[in-house]
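Chemist: Below are the structure tokens for one structure; questions will follow.
The values are calculated or read from the model by the stated rules, or taken from the named source; none is laboratory data. In this text the structure is predicted, and so the values were computed from the model without any measurement. Backbone-built Cβ (ideal geometry, glycine too); neighbour counts: all protein chains shown.
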Amino acid sequence: MTSRKAENLSRKVTPEIINQLEEILGKDNVNTSEMDRMLYSHDLAPLPKEAGIAFNNIPDVVVRPHTVDQVASIVKLAYQNGIAVVPRGASTWGLGGSMPTAAGILLDMSSGMNEVIKLDKENMYVKVQSGCIWKKMMEVCEKEGLLVGSYPSSFPSATVAGWISTSGIVPADTSTELQGTTSST
Ligand SMILES: Cc1cc2nc3c(=O)[nH]c(=O)nc-3n(C[C@H](O)[C@H](O)[C@H](O)COP(=O)(O)OP(=O)(O)OC[C@H]3O[C@@H](n4cnc5c(N)ncnc54)[C@H](O)[C@@H]3O)c2cc1C
């Protein structure tokens, strides 16, 4: 893994881009500290050191969106400037999916977009934000006497969108589903 100073951003993530991200998200949700960037450079099972030679796993900036509009604005800004964007849930996949390969913007989806939006008992579905962890969603359902019939065994920490993104498989009997259709934003 390469180690770089926080102020030594890549060519494309300029201080001006950081300013624009701060305008979108507020300063508190835009982080360029070296420590944070290092922490977000790997997932549950870090790749061997050699991976750092081929890839730039350290993001230039870690951002914590709270709304869908903010995510859209970040992606638009990144696209216009040719900057890589990597979304990250709880990083439990362990196969490097949430690790950057070309630095850029790391979208931490689990910090500000982790709520259950709606439990519709009549139509038997639950809608959550993409960074909502399974456990939180399941607890909300259980309070209403409902079960989510399928879930990863990493449910205490894995996010719903991370599971969808990896085409997650389930250890439970899916015939018992809400009992559960899920959707995430
Ligand atoms: C103990 C243990 C048990 C496990 N059991 C299972 C199991 O039973 N079934 C199973 O399928 N997996 C299992 N896994 C693997 C892992 O937990 C799942 O893949 C999990 O769903 C990943 O969720 P995450 O939030 O950690 O995603 P991350 O690891 O953060 O991300 C995984 C991928 O999804 C992308 N991603 C994350 N959030 C978003 C988003 N909001 N929008 C778009 N893309 C996004 C990331 O970029 C990355 O490519 C297990 C892992 C562990 C450690």
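Chemist: So, of the residues in segment 58-83 that are within 17 Å of D28 (Cβ to Cβ) and of a type outside the set (A, V, I, L, M), which turns out to be surrounded by the fewest Cβ atoms within 10 Å (Cβ to Cβ)?
Modeler: Ranking the qualifying residues of segment 58-83, first place goes to T67.
Chemist: So, of the residues in segment 104-123 that are within 16 Å of the ligand (Cβ to nearest atom) and in a loop (DSSP other than H, G, I, E, B), which turns out to be nearest to L21 (Cα to Cα)?
Modeler: So the residue we want is G104.
Chemist: Answer yes or no as to whether D60 is within 11 Å of the chain's Cα centre (by Cα) and of a type in the set (D, E).
Modeler: In short, no.
Chemist: Check V126 against each of (1) aliphatic (A, V, I, L, M); (2) in a strand (DSSP E or B); (3) at pLDDT 95 or above and name the one condition it does not meet.
Modeler: Failing condition for V126: (3).
Chemist: Oh, and also: Please tell me if N19 is of a type in the set (S, T, N, Q) and either crowded, with 16+ Cβ neighbours inside 10 Å or at pLDDT below 95 (or both).
Modeler: Here the answer is no, as N19 does not meet what is asked.
Chemist: Do we find a residue being closer than 24 Å to C132 by Cβ and hydroxyl-bearing (S, T, Y) anywhere in segment 78-86?
Modeler: The answer is no; no qualifying residue exists.
Here is a yes/no grid of residues against (1) more than 15 Å from M113 (Cα to Cα); (2) in contact (Cβ under 8 Å) with a residue 60 or more places away in the chain; (3) in the same structural domain as W134 (by TED's automatic domain parsing):
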{"residue": "Q20", "(1), (2), (3)": "yes, no, no"}
{"residue": "L25", "(1), (2), (3)": "no, no, no"}
{"residue": "D36", "(1), (2), (3)": "yes, no, no"}
{"residue": "E50", "(1), (2), (3)": "yes, no, no"}
{"residue": "F55", "(1), (2), (3)": "yes, no, no"}
{"residue": "V68", "(1), (2), (3)": "no, yes, no"}
{"residue": "A72", "(1), (2), (3)": "no, no, no"}
{"residue": "K76", "(1), (2), (3)": "yes, no, no"}
{"residue": "G82", "(1), (2), (3)": "yes, yes, no"}
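Chemist: Checking the condition more than 14 Å from the ligand (Cβ to nearest atom) and modelled with pLDDT under 95, which residue from T101, T176, T166, T182 passes?
Modeler: Step by step, each of T101, T176, T166, T182 is checked, and only T176 is more than 14 Å from the ligand (Cβ to nearest atom) and modelled with pLDDT under 95.
Chemist: Out of curiosity, is A103 over 11 Å from the mean Cα position of the chain (by Cα), of a type in the set (A, V, I, L, M, F, W, C) and surrounded by fewer than 14 Cβ atoms within 10 Å (Cβ to Cβ)?
Modeler: no
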